[in-house]
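Peer 1: Quick one: the structure is below, and I'll ask about it shortly.
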Amino acid sequence: MARHEGRGMASVNYPIGMNLGGDPSQALIHSNPDGKFTVALSAIDLGQGMKQVSRQIAAETLGVPIEDVHVDTADSDTGPHDMGSFASRGTHRMGNAIIVAAREARGVLLEAAAEELEVDAGDLVTDGRGNIHVRGAPSRAITVKATAQAAQFKQGKTIAGRGIFLIPLSAVDAETGEMNPNTAFAHACLVADVAVDDETGEVEVLRMTSAYELGRVINPRMVEQQLVGGAWMGMSHALYETPEPYYPNPEHGPRDFNEYLMPGPGEIAPYHVTVLERPAPDGPYGGKGPGEMCANPVLPAIANAVYNAVGVRVDELPITPEKILRGLQANGGVKPGPRRGGPVNWR
Amino acid sequence: MAKIPVQFRLNGSDRAAFVDAPETLLNTLRRGLGDFAPKYGCGQGACGVCTVLIDGEPHLSCLTLSVACEGKRIETASGMADGPDLHPLQAQFMEHFAAQCGFCTPGMLTVARALLDRNPNPTRDEVIEAISGNICRCTGYEPIVAAILAAAGSPGMRRSEGGRHA
Ligand code: FES
Ligand code: FES
């Protein structure tokens, strides 16, 4: 009766968005007379940080302070069309749509400013602090606010922009089945260290170590929090959660929240993430997005670590103590694999 | 069914409501008194998102009858900030990115507040135990634990109204 440690690894190449394309996102941007901008989207921020990232992308492209940009995702009835917040597509699809919209709005903004300053719009730049001035002559300036007011009340112009981003739906070749699943791919590799108790069948995740390549990280703290939270969810799916423990037999399934198993704060495994940035050519400012892949590699890595620890290959999730004990019985005991890699030295 | 009057202090103000006998405190707070900080998650005591302080002690408001709260001091996450000044726990939750969707946050703040009221310098294990009745689906708990530990050490920790007497 003993605890056996094991190590498992998994990598993931993760396509961002619907991987045959055909999933457009639209964005509309307009300025108000106070010089602040509203970005209207129909994709919803469920906590993943899309509003914040949208705001950063819009402010950067418009050339205005971030606090002057408001993102409105209030209502898909009245907002521009969007396929939605899923498939890790928020940063990439909506971000690209926002850039297109913001470029158009910026163009009108600079034209309106040019009219006020009596210069050529092509000679104007923004300072990111709410001012527009002639390149190389910061004193020949007008504020974004004064420009917005002039456009609204004097010039009769709307400072607005429309944006859409669409990767066209890939056609599937009827003969060969060939298609183009290509979009932005993000990548990750994760190592899980576990201890398996051969008497109880319980698995403890000792630590996880990963590297994620996500294009440009547009908001590092939010990326980190998504990766940390997602890894917990991956661990939960790997070892605990199921509505159908004996699928297709409905018996013993949870009937309510009290019976639905999830790990709590006591089961937190120390987790170390390294984020690599390789800006994506078609991403907004190079961003791709973490999304679902925060959780994905955790599951196979834990399954591989269990196999490495005791020689039981569990191929149905979750990896419950029962499945491990049945596997040990079928194998005639513990068959540990070779120890792989050295000790982890980040902790 | 005749309505029953009930009076209690809610976040320092005297409040009154007419309730049905089986009405839960969660329902009275949200529907009757418009305090939407406590959330309705499971309605059966499993998730902790409805947690409020009653006389300084954390209680699940989905399992508490409103009529049992007559004369009590009820505190919710809505009453934690002092005007524009956030409670140290709120400030540290922001600092540590301890919320993603934010649904669990009022419950987490409330159990953490009760913990720090009775134990201003908890260990990591004590923090984990204090929040173990609260489910968070997004953060993986680590940022929440870190935020509570940071708040414990921060100056300006105010005790809750009920907690002074605990
Ligand atoms: S709503 Fe009260 S514990 Fe879940
Ligand atoms: S932040 Fe979403 S449940 Fe905790």
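Peer 1: Would you work out what percent of the accessible area of chain A, with all protein chains in place, is carbon or sulfur (probe 1.4 Å)?
Peer 2: Roughly 52 percent of what the probe reaches on chain A is carbon or sulfur.
Peer 1: In Å², what does the accessible area per residue of region B:4-70 work out to with a 1.4 Å probe?
Peer 2: 44
Peer 1: List the accessible area buried at the contact between A and B, summed over both sides and calculated with a 1.4 Å probe, in Å² to the nearest 100. Write down the numbers at each step before the final one.
Peer 2: Details: alone 17680 and 8300 Å², together 24200 Å².
That pair of chains buries around 1800 Å² in total.
Peer 1: Determine the gain in length on full extension of the stretch A:Ser139-A:Asp123; use 0.36 nm per residue of separation and subtract their C-alpha separation, reporting nm with one decimal.
Peer 2: Once the chain is fully extended between A:Ser139 and A:Asp123, it gains 4.4 nm.
Peer 1: Using the 2.2 N^0.38 Å rule of thumb for compact globular proteins, work out how region A:41-139 stacks up: its C-alpha Rg over that value, please.
Peer 2: Working: Rg = 15.6 Å, N = 99, 2.2 N^0.38 = 12.6 Å.
Scaled against compact globular proteins, the figure is 1.24.
Peer 1: Below 20 Å, Cα to Cα, which aspartates and glutamates can B:Lys3 reach? Residues fewer than 8 away in the same chain don't count.
Peer 2: Cα-Cα hits under 20 Å: B:Asp14, B:Asp20, B:Glu23, B:Glu70.
Peer 1: Evaluate E = 1/(1 + (r/R0)^6) for B:Arg15 and B:Leu86, where r is the Cβ-Cβ distance and R0 equals 30 Å; express this FRET efficiency to the nearest 0.05.
Peer 2: 0.80
Peer 1: Let me ask something else about it. Once label points are set 7 Å from the Cα along Cα→Cβ at both A:Glu116 and A:Thr200, what is their separation, rounded to one decimal in nm?
Peer 2: It works out to 6.9 nm between the two label points.
Peer 1: At a threshold of 8 angstrom on Cα-Cα distance, excluding pairs fewer than six apart, so keeping six or more, what relative contact order does region A:118-225 reach in percent?
Peer 2: It comes to 12 percent, rounded to a whole number.
Peer 1: Sticking with this structure for a sec: Can you find, among A:Ala231, A:Ile29, A:Pro138, the residue sitting farthest towards the positive end of the charge dipole of chain A, where Lys and Arg contribute +1 and Asp and Glu -1 at Cβ?
Peer 2: A:Pro138
Peer 1: Divide by every residue of chain A the summed helix terms, -39500 (n - 2.57) for each DSSP H run of at least 4, and state the resulting mean residue ellipticity at 222 nm, rounded to the nearest 500 deg cm²/dmol.
Peer 2: -8000 deg cm²/dmol
Peer 1: Then there is this: Placing +1 at every Lys and Arg Cβ and -1 at every Asp and Glu Cβ, with all other atoms neutral, what dipole size does chain B have around its Cα centre, in debye to the nearest 20? Numbers along the way, then the final one.
Peer 2: Working: 15 positive and 17 negative charges, 51 e Å.
In total the dipole reaches around 240 debye.
Peer 1: Give me the residues in region B:88-118 whose solvent-accessible area, probe 1.4 Å, is reduced by at least 30 Å² once all protein chains are included instead of the chain isolated.
Peer 2: B:Phe97, B:Gln100
Peer 1: Do any residues of region A:220-248 lose at least 30 Å² of accessible area when the full set of protein chains is present rather than just their chain alone, and if so which, with a 1.4 Å probe?
Peer 2: When all protein chains are present, A:Arg221, A:Gln225, A:Val228, A:Gly229, A:Trp232, A:Met233 each give up 30 Å² or more of accessible surface.
Peer 1: Per-residue mean of other chain beta-carbon atoms within 10 angstrom of the beta-carbon, peptide B:34-47?
Peer 2: 1
Peer 1: In addition: Can you tell me the accessible area per residue over region A:241-296, all protein chains present, probe 1.4 angstrom, in square angstrom? Display every interim value, and only then the final one.
Peer 2: Numbers: 3300 Å² over 56 residues.
On a per-residue basis, 59 Å².
Peer 1: If you roll a 1.4 Å probe over the heavy atoms of the protein chains, what accessible area per residue do you get for region A:182-231, in Å²?
Peer 2: That works out to 33 Å² per residue.
Peer 1: How large is log10 of I(q)/I(0) for the protein assembly as shown at q = 0.07, 0.10, 0.12 Å⁻¹ when the intensity is taken from the Debye formula with one equal scatterer per alpha-carbon?
Peer 2: Here the Debye-derived log intensity ratios amount to -0.51, -0.97, -1.21.
Peer 1: Among the GluC sites (Glu not before Pro) within region B:70-117, which fall in a DSSP loop and have no more than 11 other Cβ atoms within 10 Å of their own Cβ?
Peer 2: B:Glu70
Peer 1: Counting partner chain Cβ atoms within 10 Å of every residue's Cβ in B:130-143, what's the average?
Peer 2: 6
Peer 1: Quote to one decimal, in nm, the extra length available between A:Glu175 and A:Gln52 on full extension: 0.36 nm per residue of separation minus the C-alpha distance between them.
Peer 2: Full extension of this stretch gives 39.8 nm more.
Peer 1: Could you check the spin-label model distance between A:Val275 and A:Asn182? Points 7 Å from the Cα along Cα→Cβ, value in nm.
Peer 2: Each label point is offset 7 Å from its Cα along the Cβ direction, giving 2.7 nm.
Peer 1: Which number do you get for Rg(Cα) / (2.2 N^0.38 Å) in chain B? Each step should come with its number before you reach the end.
Peer 2: Numbers: Rg = 15.3 Å, N = 166, 2.2 N^0.38 = 15.3 Å.
Its radius of gyration relative to the 2.2 N^0.38 Å reference: 1.00.
Peer 1: Hey, which lysines would be in cross-link range of A:Lys154, C-alpha to C-alpha under 18 Å, not counting anything within fewer than 8 residues on its own chain?
Peer 2: A:Lys36, A:Lys145
Peer 1: A further question on this structure: Below 8 Å between Cα atoms, with a sequence gap of 6+, how large is the relative contact order for chain B in percent?
Peer 2: Details: 318 pairs, mean separation 41.4, N = 166.
So the answer I get is 25 percent.
Peer 1: Helix A:95-117 against the longest principal axis of chain A: what's the angle in degrees, Cα atoms only, rounded to the nearest 10?
Peer 2: Taking Cα atoms only, the helix is inclined about 20 degrees.
Peer 1: Separate question: Pairs of alpha-carbon atoms within less than 8 angstrom and 6+ residues apart define the contacts here; what relative contact order does chain A have, in percent?
Peer 2: RCO, chain A: 25 percent.
Peer 1: Something else now. So how many Å³ per residue does the convex hull of the Cα atoms of region A:261-319 work out to?
Peer 2: Cα-based convex hull of region A:261-319, divided per residue, equals 156 Å³.
Peer 1: Something else about it: If packing is taken as the mean number of other Cβ atoms within 10 Å per residue, what is the order of B:31-43, A:193-205, A:269-281, A:54-66, highest first?
Peer 2: A:54-66, A:193-205, B:31-43, A:269-281
Peer 1: Further, regarding this structure: Excluding residues on the same chain fewer than 8 positions from B:Lys39, give the aspartates and glutamates whose Cα lies under 15 Å from its Cα.
Peer 2: By straight Cα distance, B:Lys39 reaches B:Glu75.
The values are calculated or read from the model by the stated rules, or taken from the named source; none is laboratory data. This one's a predicted model, so the numbers in the text were calculated from it and none came from an experiment. Every residue, glycine among them, receives a Cβ derived from its backbone with ideal geometry; neighbour counts consider all protein chains shown. Ligands, DNA and RNA are excluded from the accessible area calculation, which covers all protein heavy atoms including side chains. Shrake-Rupley method; radii C 1.70, N 1.55, O 1.52, S 1.80 Å.
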